[in-house]
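Below you'll find the structure, written out as structure tokens, and then a few comments.
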Amino acid sequence: MSATRDPEGNPGEPPPVSRVPALIVTHADLAEALVRAAERVVGRIEDVTLLSNEGLSRADLEQAIDTSVKGWKQGGLLLTDFWGGSCHTCGASAARRHGEIVIVTGINLPLLLDYVYNRDRLAVGDLAERLQAKGRDSIRVQRGVPA
Amino acid sequence: MSWALHRIDDRLIHGQVLVAWGARLAPVRIWVVDDGVAASPWERELFQDAAPGIEVRVASVPEAAAAHAEEAAAPGAAFLLVRDLGTARRLADAGAAVSEWNVGGLHYAPGKEKVNDYVYLNARDRDDARALLLAGVRLTVQDVPASRAQTLPALDPALAS
């Protein structure tokens with residue numbers, strides 16, 4: 001996919017950082033389904049690794065996360081489904097052994113799409129904060145108006 | 001009576017515990033009883049922050065055994081989590097009166113045999129289970145409240161003999 005510029009950002013801004021890699025760790029096949037849904041919107045998404053906690057003990061899940069992130073030279077993002085889940089806590093344990101890895105929990109489709117559009121533009125810490133805000137802001141309530 | 005759930009689960013605090021059992025039993029405290037976690041300041045902090053709105057106490061087996069009776073009389077519901085049958089057995093040996101354990105997740109590792117989708121046991125696990133059963137402790141296999149509860153010996157014929 002080629003569109004990597006933030007549509008709301010400054011188009012003249014030079015890309016200051018290399019692409020922030022992401023590992024998505026979730027229950028069941030949510031990670032795969034989320035990426036499939038995101039690809040319906042923006043086309044093929046490269047450089048995202050997916051992992052399920054299905055059937056894995058703490059030790060094995062931590063090991064699987066460790067294996068997925070150990071090639072990251074300049075840190076990266078761990079996107080997980082919810083705070084306090086095994087994907088999050090095992091991710092925190094594994095991330096500790098590697099450079100600057102930041103975890104964002106509560107992944108949703110708007111958050112994932114925002115990651116895709118900003119991963120070539122922002123450093124990992126700024127990107128994580130942006131995604132937290134985007135994920136939160138995307139949850140809205142529309143009340144029906146009687147006809 | 002504060003003890004609402006004693007659970008054997010190698011993931012300790014995780015989604016099924018916080019969301020599914022949490023919604024059913026509304027714990028105000030979760031005890032993570034694990035010598036390894038208790039000995040690691042960093043892991044202690046990780047688990048203490050893992051359950052927003054719920055107090056998490058990380059304790060070693062001797063600490064938890066000493067506090068077990070007092071917690072039983074405390075207000076509000078409490079959970080106690082251990083990662084394996086061996087820890088449950090050591091907790092009993094150290095004096096904690098636990099009449100029933102929920103067996104919620106003992107995942108595959110090399111050398112372990114499948115009992116069901118989320119319980120795998122080796123010879124040592126079965127020794128620990130037998131010791132608990134012999135002491136009159138019930139071992140109930142059930143991952144989430146919505147699934148059927150079954151006794152461990154009913155699922156694992158090796159334990160019935």
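Conditions tested, residue by residue: (1) closer than 26 Å to B:Arg124 by Cα; (2) crowded, with 20+ Cβ neighbours inside 10 Å.
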residue	(1), (2)
B:Arg11	yes, yes
B:Leu25	no, no
B:Ile30	no, yes
B:Asp34	yes, yes
B:Ala39	yes, no
B:Trp42	no, no
B:Phe47	no, yes
B:Arg57	no, no
B:Gly76	no, no
Exercise for review: Among the candidates B:Leu121, B:Leu106, B:Leu132, single out the residue that is within 14 Å of the chain's Cα centre (by Cα) and within 14 Å of chain A (Cβ to nearest Cβ).
Suggested key: B:Leu106
Review point. Taking the condition crowded, with 22+ Cβ neighbours inside 10 Å, over 19 Å from A:Asp126 (Cα atoms) and polar (S, T, N, Q), does A:Thr80 pass?
Key: no
**Study point:** Of all residues in the range B:1-25 being aliphatic (A, V, I, L, M) and more than 18 Å from A:Trp83 (Cβ to Cβ), the one that is farthest from the chain's Cα centre (by Cα)
**Key:** B:Met1
Point to revise | Residue identified as closer than 24 Å to B:Pro27 by Cα and at pLDDT below 95 among B:Pro75, B:Pro62 | key: B:Pro75
Study note, to complete from the structure: Being touching a Pro at 6+ places or on another chain (Cβ under 9 Å) and either without any contact (Cβ under 8 Å) to a residue 24 or more places away in the chain or closer than 25 Å to A:Gly84 by Cβ (or both) narrows B:Ala160, B:Ala154, B:Ala149 down to just B:Ala160
Review point. Given B:Arg24, B:Arg57, B:Arg7, which one is at pLDDT 95 or above, under 24 Å from B:Ala149 (Cα atoms), in contact with a strand residue (DSSP E or B) (Cβ under 8 Å, 6 or more places away or on another chain) and among the basic types (Lys, Arg)?
Key: B:Arg7
Exercise for review: Output the residue which, of all residues in the range B:1-17 that are within 9 Å of chain A (Cβ to nearest Cβ) and part of a loop (DSSP other than H, G, I, E, B), is farthest from B:Leu132 (Cα to Cα).
Suggested key: B:His14
Check your understanding: Looking only at the range B:18-51, which residues are free of Cβ contacts under 8 Å to residues at least 24 places away in the same chain and in a loop (DSSP other than H, G, I, E, B)?
Key -> B:Ser40, B:Asp49
Revision key, fill the gap. The one condition A:Ile107 fails out of (1) closer than 28 Å to A:Gly43 by Cβ; (2) assigned to a loop (DSSP other than H, G, I, E, B); (3) over 10 Å from the mean Cα position of the chain (by Cα) is (3)
Practice item. Scan the range A:48-100 for residues that are away from chain B (no Cβ under 12 Å), without any contact (Cβ under 8 Å) to a residue 24 or more places away in the chain and assigned to a loop (DSSP other than H, G, I, E, B) and report the count. Key: 1
Check your understanding: For the range B:56-75, does any single residue satisfy the condition of being in a strand (DSSP E or B) and at the interface with chain A (Cβ under 10 Å from one of its Cβ atoms)?
Key -> yes
Review point. Based on what the data block shows, is B:Asp125 acidic (Asp, Glu) and over 14 Å from B:His6 (Cβ atoms)?
Key: yes
Check your understanding: Which condition number does B:Gly86 fail, the rest of (1) within 11 Å of another protein chain (Cβ to nearest Cβ); (2) touching an Asp or Glu at 6+ places or on another chain (Cβ under 7 Å); (3) assigned to a helix (DSSP H, G or I) being met?
Key -> (1)
Check your understanding: What about A:Gln132, is it free of Cβ contacts under 8 Å to residues at least 40 places away in the same chain, surrounded by 14 or more Cβ atoms within 10 Å (Cβ to Cβ), of a type in the set (S, T, N, Q) and within 25 Å of A:Ala37 (Cα to Cα)?
Key -> yes
Exercise for review: Go through the residues of the range A:73-94 one by one and say whether even a single one is over 17 Å from B:Leu46 (Cβ atoms) and hydrophobic (A, V, I, L, M, F, W, C).
Suggested key: yes
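The values are calculated or read from the model by the stated rules, or taken from the named source; none is laboratory data. No experiment lies behind these values; they were computed from the predicted model shown. Positions of Cβ are backbone-derived with ideal geometry, glycine not excepted, and every protein chain shown enters the neighbour counts.
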